[in-house]
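The values are calculated or read from the model by the stated rules, or taken from the named source; none is laboratory data. Every value quoted in this text rests on a predicted model; they were computed, and no experiment measured them. Positions of Cβ are generated from backbone atoms using ideal geometry, with glycine treated the same way; all protein chains shown enter the neighbour counts. All accessible areas refer to the heavy atoms of the entire protein, side chains included, with ligands and DNA or RNA removed. Shrake-Rupley method; radii C 1.70, N 1.55, O 1.52, S 1.80 Å.
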Amino acid sequence: MNHSMRKLFLIFLISSIANNLVNAQATKAPAYPLINHNTYFSIWSFSDTLNASSTKHWTGKDQSMIGLVKVDGATYRFLGKESPVYRTILPAADETNWQCKYTETAPTGSWESIKYDDSNWQTGTAPFTDDSAQAKTLWTSKDIWVRRTFTPNDLTIDKLVLKLHHDDNIEVYLNGEKVYNFTGWTDDYKLIPLKEKFKNRLKQGDNVLAIHCANTSGGSWLDVGLVDEVKLPPTDVLLAKQKSVAVNATQTVYTFQCVGVDLKLTFTSPLLMSDLTLFSRPLSYISCEVKSNDGRSHNVKVLFNTSTAIAVNRPSQPVTTQKYAVSGLSILKAGTVEQPVLQKKGDDLRIDWGYMYVAVPNSNNVLQYVTEQGQAESSFATGKINSTNKPGKQLALNTVLNFGSIGAAPKEKFVELGYDDMYSVQYFGQNLKPWWKADGTQTIEKELSTGAIDYAAVMKKCDAFNKSMYAEAIKAGGKHYADLCVLAYRQSISAHQLLKSPQGEVLFLSKENFSNGSINTVDVTYPSAPLYLIYNPHLLEGMLNGIFHYCESSAWPHNFAAHDLGTYPLANGQTYGENMPVEESGNMIILTDAITKAEGNANFAKKHWNTLTKWAAYLSINGFDPGNQLCTDDFAGHLARNANLSVKAIVALGAYADIAAKLGKKSVASQYKTLAAGMAAKWQTMAQAGDHYGLVFGSKDSWSQKYNLVWDKVLGLHLFPPAVYKTEINYYLTKQNKFGLPLDSRKTYTKSDWILWTAALADNQKDFARLVDPVYKYATETPTRVPLSDWHETTDGKMVGFQARSVVGGYFMKVLESKWVK
């Protein structure tokens, strides 16, 4: 082979490898994103095999989607698994405010016995709790004893299940016999299957549930009921064989094999930040492509079954359904009867207002109907459809696609799954509609119709973005790093809601998922920012606008930045119990400067100059040697003289100087640049701990990740010499565990977003990969099967807390650094 031929072959080989890397995106995840739009409309598969478990909301509650394919009469399940169906025997307080006898004084005798005389006890209504806003009976003492007498309507029970919400320790008796006890508490209802013998203890006439609950600390709660886990009808449904799964930025793609037919299933949430009209459209596509795999023709039908659990907070909530046609679409709609718009706030919640929609292009080959949940497999497999149009609980929306005769040429059809929440957030007393309907002219039917018409174009756009994003990430940090970015993309975005403020500004409000449920937390915005600085900095503006609005109002009396805007979805003012003055003020200044760099002008900063000046003044006095306070890592507790928090203050002052220079305020820029540079020099002396820099000033036997340094590098402030970065990186490489670098010397747990920021301080690809690869190992090997947790244990890879949070947008820091640092 001559030189020219070798050169051409080498170019071809490199090109082929690059194309294969771009196309072979992430294939392993703790949980797989399926439908991802916002914190309420977010459905995942928690297992590697799609048909091994029910699909779930990010909180872990079932939001079942089931997919079946019928090939020449044989039925295979490729998506999801039937969720358990429960029939109420004795309702808990989420269904009815039941009454009982109770006492808070220790009873004498056999208080649990069915014959016990409780006539001297008080009468109360559940739930019993110390939360005055939710209590029907206020319970503030340590102990409570409850006796609930009931008469069951039907003793034909498949599996008796105790439905229990308690805080704290609990013991439960049924007709005098102990059926359950537990030391600890639950933050929601827990379903506890009871032993077979206990269902035989139920009898005609009066029965008694007797409960003792002890509140050992914190809040109190007691509510109880009984349900029957209904045995589902047997079917001959087979399991399709999953051949592959691939996750990319906007899609998750599965392939399956059945006898005679191959099936490709693609979930697409077109979260393209360059087009906010498409980005905000509240619908995902579920595409199904089938083809023969044996050279013969086959008759194929596909069922998509979606549970109305998508539109409820609890399965006990009644729903109403509707079937109709509009604009060439056949549509099924479902939502709660109650429609409590924006009536609940908190963390572990699902939406129970607005309506879910399943839409499909109308044709003679489409059939839609509503059934009770649990009937998907039997009705489709046998063809015996028992449809309903009445309100009920645990219903399912069914769509059958008839592909007809299938040969070697693939044939594709799609279904749209959408959600209209009507009002998304309350913003300082005003209920706001989502971005897509803020102008008052759009309807969900128009969105579904446009989505169907634009299907082919949207798929093309998504494919192009998937490839370009992945290629950028590979170029910046390698394949393992790129896979982490893929896993982060939809998760980060779908922990937000996009809206327009009453002032006409963009709002992109986060929820602290499984953290504390706060809305628009500044120190959640801070780690999330790199993703949005790269692909649409206006969205990062939307993460800061609400905080600026609040802090510039009379409602905020402090000379430092607020922590949050409330508890999701109510953004009416900070609800977090303690301020983080250095943390949040530093975050806001740094991110404002980052926006000026991303947008190429200081217009955004100019609007808020006075506020930024107030915060900079605060940091100039209080930032360098912080007092005993919390920082973003508040789970680690209060810490005085925090060296990493000091870095944030110093970098923020440098960022403020940078903003001033861009606004032509030369004297202010010079003053604060000098101040920040002096602090940075002093920091190197005070934090010095030999071969590294300490966790706190004056402690040479401690260390911490100095992830805040990355903004000095990325913003080009040059306050700290590269030798500081290098010293820290070299030290970190000696402290790693199997699943990553600990956050600091106090514990072995870590935050993966901070590791990826820390890794971006490395001056070579080898050191960067050495820090990132253990995070990749965590993401692909963790035993905790939930949407990616950013807080995990480095010794065993288990989640410590948090999941499905937006902060994984910080994984994109290396991509940002590769674009901004030349």
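Structure data summary
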quantity: Charge-dipole axis of the chain as Lys and Arg at +1 and Asp and Glu at -1 on Cβ define it, positive-most pick from 132, 731, 234; calculated: 731
quantity: 3J(HN,Hα) from dihedral phi, region 524-531, Karplus parametrisation 6.51/-1.76/1.60, rounded to Hz, x for glycine, proline; calculated: 9, 4, 4, x, 6, 4, x, 4
quantity: Reach of residue 682 by Cα under 14 Å, taken over aspartates and glutamates that are not fewer than 8 positions away in the same chain; calculated: 625
quantity: Computed magnitude of the charge dipole of region 429-470 (debye, nearest 20; Cβ of K, R +1, Cβ of D, E -1); calculated: 120 debye
quantity: Per-residue ³J(HN,Hα) for region 320-335, Karplus 6.51 cos²θ - 1.76 cosθ + 1.60, θ = phi - 60°, Hz, x for Gly and Pro; calculated: 10, 10, 8, 10, 7, 10, 7, 6, x, 10, 9, 10, 10, 10, 8, x
quantity: Rel. contact order, % - alpha carbon contacts under 8 angstrom, at least six apart, the chain; calculated: 11 percent
quantity: Computed magnitude of the charge dipole of region 46-173 (debye, nearest 20; Cβ of K, R +1, Cβ of D, E -1); calculated: 400 debye
quantity: Amide hydrogen neighbours beyond the local backbone of residue 403, cut-off 5 Å, H modeled; calculated: 300, 301, 302
quantity: Debye, to nearest 20: dipole size of the chain, +1 on Lys, Arg Cβ, -1 on Asp, Glu Cβ; calculated: 2040 debye
quantity: Charge-dipole axis of the chain as Lys and Arg at +1 and Asp and Glu at -1 on Cβ define it, positive-most pick from 476, 149, 788; calculated: 476
quantity: Neighbourhood charge, 12 Å Cβ-Cβ cut-off, centred on residue 606 and excluding it, Lys, Arg +1 and Asp, Glu -1; calculated: +2
quantity: Accessible area of region 177-308 divided out per residue, in Å², using a probe of 1.4 angstrom; calculated: 41 Å²
quantity: Surface accessible to a 1.4 Å probe, per residue, for the residues of region 667-711, Å²; calculated: 39 Å²
quantity: Net length gained if the chain between residue 764 and residue 384 were fully extended (0.36 nm per residue, minus Cα distance); calculated: 130.4 nm
quantity: 1.4 Å probe accessible area per residue over region 453-536, in Å²; calculated: 27 Å²
quantity: Cα-based shape type of region 451-561, given that a ≥ b ≥ c are square roots of the gyration tensor eigenvalues and the cut on a/c is 1.5; calculated: prolate
quantity: Mean separation of Cα contacts under 8 Å, 6 or more apart, over the residue count of region 423-517: relative contact order %; calculated: 26 percent
quantity: Fraction of accessible area attributable to carbon and sulfur, region 452-541 (%, probe 1.4 Å); calculated: 56 percent
quantity: Mean Cβ count within 10 Å, highest first, over the residues of peptides 675-683, 179-187; calculated: 675-683, 179-187
quantity: Residue 561 long-range amide H proximity, modeled H, under 5 Å; calculated: 585
quantity: In Hz, Karplus ³J(HN,Hα) per residue of region 792-797 (6.51, -1.76, 1.60; θ = phi - 60°; x = Gly, Pro); calculated: 9, 8, 7, 8, 10, x
quantity: Heavy atoms of residue 704: accessible area, 1.4 Å probe, square angstrom to 10; calculated: 10 Å²
quantity: Spherically averaged projected area of region 609-765 from its Cα convex hull (nm²); calculated: 9.3 nm²
quantity: Global geometry of region 206-281, whether rounded, prolate or oblate, following the gyration tensor of its Cα atoms and the 1.5 cut on a/c; calculated: oblate
quantity: Inter-probe distance in nm under a simple model that places probes 7 Å from Cα toward Cβ, at residue 365 and residue 217; calculated: 6.3 nm
quantity: Over the chain: helical MRE at 222 nm, DSSP H runs n ≥ 4 each giving -39500 (n - 2.57), nearest 500; calculated: -9500 deg cm²/dmol
quantity: Virtual spin-label span in nm between residue 661 and residue 72, 7 Å along Cα→Cβ; calculated: 7.3 nm
quantity: For residue 518, residues with placed amide H under 5 Å, excluding near neighbours; calculated: 512, 568
quantity: Values of log10 I(q)/I(0), in the order q = 0.18, 0.29 Å⁻¹, for region 685-739 under a Debye, Cα-only, solvent-free model; calculated: -0.62, -1.23
quantity: Under-15-angstrom lysine pairs by C-alpha in region 21-154, whenever the two are 8 or more apart or on separate chains; calculated: 4
quantity: Shape category assigned to region 359-513 from the gyration tensor of Cα positions, a/c cut at 1.5; calculated: oblate
